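The values are calculated or read from the model by the stated rules, or taken from the named source; none is laboratory data. Source: prediction; values computed, not measured. In this analysis, Cβ positions are derived from the backbone assuming ideal geometry, glycine residues included, and neighbour counts consider all displayed protein chains.
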Amino acid sequence: MRRVYKLDNITLKNITKQYNGITVIENLNLHIEEGSFTVLVGPSGCGKSTTLRMIAGLEKVNNGQILIGDRDVTDIAPGKREVAMVFQNYALYPTMTVKQNIEFGLKNKNIPKSEREEIINEICEIVGLKDYLDRKPSNLSGGQRQRVALARAMVKKPKVFLMDEPLSNLDAKLRNQMRTELIQLHKRLGTTFVYVTHDQVEAMSMGDQIVVMDKGKIQQAANPVKIYNDPDNLFTAQFIGSPAMNVLPVWDITKELDYIGFRPEKVTISNEKNENSLFLNGKIITRERLGAETIYLVKTVLGEIKVKAFIDTFKEDTEVVLNINYSDIYIFNFNGKRLRYLEEKEKFKLLEVRLDEFWA
């Protein structure tokens with residue numbers, strides 16, 4: 001009989017966290033929808049793992065409130081929050097078999113043996129461990145160990161699964177495989193997943209809600225499509241996307257404008273300029289062939305620009321023209337805040353003024 005997992009939303013209200021008097025997170029507010037796959041992403045030291053550990057109860061908050069569903073768990077012990085955490089290092093008992101590792105928590109709860117057997121068989125069927133129950137962790141691959149850690153979390157029947165960079169110790173091929181398996185597991189269980197990673201590709205491919213963090217603050221929280229196509233600020237625009245968004249300074253147009261940005265795949269590389277677009281003359285410095293795609297690095301009067309193209313006809317040291325539609329250009333002020341009010345015609349006027357000196 002299939003087990004039914006409960007689920008709940010998570011709300012962080014004005015959370016502040018300090019270490020030795022130094023504030024690392026200040027007045028953080030976040031709502032995580034029940035049943036969502038939410039990914040906290042950002043560079044090392046941005047506060048994402050600390051946030052996850054505060055939800056789990058492994059870190060005390062200095063100020064603020066944590067709710068799981070309608071229940072205030074701010075001062076409740078980790079074991080009573082109805083959450084399960086999966087760590088980067090698996091945290092398996094090396095002297096126990098796979099079955100014993102999974103069964104350990106059930107025994108502590110005095111679950112009858114017949115019920116334990118049923119639960120273990122069902123969960124091992126889900127995560128593909130039925131043929132490995134008698135093995136010890138030292139005889140398992142990294143991916144298999146991670147499945148044991150997941151299974152051990154699943155037997156707790158938590159409302160929320162918390163995962164702190166669980167795939168970072170795996171090689172690239174296995175990481176891709178485990179990403180797919182975690183997405184399928186989330187769909188099958190239907191419960192709330194909160195996942196931490198520094199890998200923006202991992203975040204974009206797995207999450208239905210992305211929370212971009214930097215220096216203890218949330219830069220933007222939205223679905224992957226909005227995060228990529230409609231960034232709120234320069235940090236999000238450059239952190240999300242591979243290669244990163246091209247950003248060029250435009251400090252001398254007006255006091256309000258400081259940067260323009262555009263995605264590498266939105267640049268057309270050719271031998272002539274297009275009408276109604278920003279164009280830049282440049283020379284190809286390098287090119288990287290990535291199967292169906294080629295990444296060109298082009299030197300222009302405004303700086304180096306990366307181009308992501310499906311053509312591989314241009315060679316190094318070739319003179320080329322880069323064209324970018326005005327609708328694909330983002331404008332940010334000197335603080336990195338996105339300016340959304342500029343229409344295509346306004347962008348055209350502003351950018352033409354900026355570039356006139358180079359066309360003279």
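Residue count for the range 299-310 satisfying the condition of being under 29 Å from the mean Cα position of the chain (by Cα) and either acidic (Asp, Glu) or more than 15 Å from GLY261 (Cα to Cα) (or both): 3. Taken over the range 292-318, the residue count meeting the criterion of being part of a loop (DSSP other than H, G, I, E, B) and out of contact with any Leu (no Cβ under 6 Å at 6 or more places or on another chain) is 11. Of the residues that make up the range 74-86, is at least one of a type in the set (S, T, N, Q) and at pLDDT below 90? Within the range 74-86, none of the residues are of a type in the set (S, T, N, Q) and at pLDDT below 90. Per the listing ILE15, ILE32, ILE55, the residue uniquely crowded, with 17+ Cβ neighbours inside 10 Å, in contact with a Ser or Thr (Cβ under 7 Å, 6 or more places away or on another chain) and under 25 Å from ASP199 (Cβ atoms) is ILE32.
For the range 164-248, please list each of the helices (runs of 4 or more DSSP H) lying entirely inside it that holds at least 2 residues being surrounded by 19 or more Cβ atoms within 10 Å (Cβ to Cβ) and either among the aromatic types (Phe, Trp, Tyr) or over 13 Å from the mean Cα position of the chain (by Cα) (or both).
172-189, 234-239
Determine whether the range 329-346 contains at least one residue that is part of a helix (DSSP H, G or I), at pLDDT 90 or above and either surrounded by 12 or more Cβ atoms within 10 Å (Cβ to Cβ) or under 32 Å from the mean Cα position of the chain (by Cα) (or both). Give the steps one after another, and end with the answer.
Pass one, the range 329-346, residues part of a helix (DSSP H, G or I): 344-346.
From what's left, at pLDDT 90 or above: none.
Checking the range 329-346: not a single residue is part of a helix (DSSP H, G or I), at pLDDT 90 or above and either surrounded by 12 or more Cβ atoms within 10 Å (Cβ to Cβ) or under 32 Å from the mean Cα position of the chain (by Cα) (or both).
The requirement of being part of a helix (DSSP H, G or I), surrounded by fewer than 20 Cβ atoms within 10 Å (Cβ to Cβ) and in the same structural domain as GLY57 (by TED's automatic domain parsing) is fulfilled nowhere in the range 151-159; no residue meets it. Inspection of the range 2-22 finds a residue satisfying the criterion of being at pLDDT below 95, over 22 Å from the mean Cα position of the chain (by Cα) and assigned to a strand (DSSP E or B). Screening PHE104 on (1) closer than 24 Å to GLN219 by Cβ; (2) in contact with a helix residue (DSSP H, G or I) (Cβ under 9 Å, 6 or more places away or on another chain) shows it passes everything except condition (1).
Looking only at the range 86-96, decide whether some residue is outside any loop (DSSP other than H, G, I, E, B) and surrounded by 15 or more Cβ atoms within 10 Å (Cβ to Cβ). Working first, answer last.
Initially, the range 86-96 is screened for residues outside any loop (DSSP other than H, G, I, E, B), giving 86.
This time we only want the ones that are surrounded by 15 or more Cβ atoms within 10 Å (Cβ to Cβ), so: 86.
Within the range 86-96, one or more residues are outside any loop (DSSP other than H, G, I, E, B) and surrounded by 15 or more Cβ atoms within 10 Å (Cβ to Cβ).
Please specify each residue of the range 272-291 satisfying the condition of being in a loop (DSSP other than H, G, I, E, B) and among the charged types (D, E, K, R).
Step one: filter the range 272-291 for residues in a loop (DSSP other than H, G, I, E, B), giving 272-276, 291.
Matches in the range 272-291: GLU272, LYS273, GLU275.
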